[in-house]
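Only one structure is covered here, and it is reproduced in the block below.
FYI, it's all coordinate maths here, none of it is from the lab. None of these values were measured; they are calculated from a predicted model. Cβ placement follows ideal geometry from the backbone for every residue including glycine, while neighbour counts extend to all protein chains displayed.
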Amino acid sequence: MLRRFLAVLLTCSILLPATVRAEDEAAPFDADLQRLAEIMGALHYLRGICGTNDGQKWRTEMQALLEAETPSGDRRTRMIASFNRGYNGFQQTYRTCTPAAHLVIRRYLIEGADISRNLTSRYAN
């Protein structure tokens, strides 16, 4: 009985670190998810200063993405950092809404839609 317990314990101790590493490894679509998160962060800031009355829409969309993807460890940290990078990058550049900000919003909405469509067509069940 003790021998069986030790064998199970040894097997678990060997497999558990591999399982944890597998969860933190990048998925083949992580670069796209990080870009999408960065776009959502930028939109969260830009649409706020441009008075589009979105409120927390893009933050909520980011939360929904995190809940759907359920990344853990480094993957989650990278996605959140991408969102914050998108937000902070434009916060440092734009204090008020400008024609350039409107152009960025339009381009990011198109790029985000393209990324979403490509991810869905490639990886959805």
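Looking at the stretch 42-58, is at least one residue of a type in the set (Asp, Glu) and part of a helix (DSSP H, G or I)?
The first filter runs over the stretch 42-58 and keeps only residues of a type in the set (Asp, Glu), leaving 54.
Checking which are part of a helix (DSSP H, G or I) leaves us with none.
Within the stretch 42-58 (the criterion being of a type in the set (Asp, Glu) and part of a helix (DSSP H, G or I)), the answer is no, since none of the residues qualifies.
Can you pull out the residues in the stretch 92-109 that are within 15 Å of Glu38 (Cβ to Cβ) and surrounded by fewer than 17 Cβ atoms within 10 Å (Cβ to Cβ)?
First, pick out the residues of the stretch 92-109 that are within 15 Å of Glu38 (Cβ to Cβ): 92-93, 104-105, 107-109.
Matches in the stretch 92-109: Gln92, Thr93, Arg107, Leu109.
Collect the residues in the stretch 110-121 that are among the β-branched types (Val, Ile, Thr) and either surrounded by 14 or more Cβ atoms within 10 Å (Cβ to Cβ) or within 20 Å of Tyr45 (Cβ to Cβ) (or both), keeping them in residue-number order.
Of all residues in the stretch 110-121, those among the β-branched types (Val, Ile, Thr) come to 110, 115, 120.
Within the stretch 110-121, Ile110, Ile115 meet the criteria.
Check Thr77 against each of (1) over 15 Å from Gly41 (Cα atoms); (2) assigned to a helix (DSSP H, G or I); (3) of a type in the set (Val, Ile, Thr) and name the one condition it does not meet.
(1)
Tell me, yes or no, whether the stretch 65-87 has at least one residue that is among the hydrophobic types (A, V, I, L, M, F, W, C) and either farther than 19 Å from Gln34 by Cα or in contact with a His (Cβ under 6 Å, 6 or more places away or on another chain) (or both). Walk me through how you get there before you give the answer.
From the stretch 65-87, those among the hydrophobic types (A, V, I, L, M, F, W, C) are 65-66, 68, 79-81, 83; that's our starting set.
Next cut, either farther than 19 Å from Gln34 by Cα or in contact with a His (Cβ under 6 Å, 6 or more places away or on another chain) (or both) only: none.
Scanning the stretch 65-87 turns up no residue that is among the hydrophobic types (A, V, I, L, M, F, W, C) and either farther than 19 Å from Gln34 by Cα or in contact with a His (Cβ under 6 Å, 6 or more places away or on another chain) (or both).
So how many residues does the stretch 43-64 have that are without any contact (Cβ under 8 Å) to a residue 60 or more places away in the chain and within 19 Å of Leu33 (Cβ to Cβ)?
Selection size over the stretch 43-64: 9.
Can we say Arg106 is part of a helix (DSSP H, G or I), over 19 Å from Asp30 (Cα atoms) and free of Cβ contacts under 8 Å to residues at least 12 places away in the same chain?
It is true that Arg106 is part of a helix (DSSP H, G or I), over 19 Å from Asp30 (Cα atoms) and free of Cβ contacts under 8 Å to residues at least 12 places away in the same chain.
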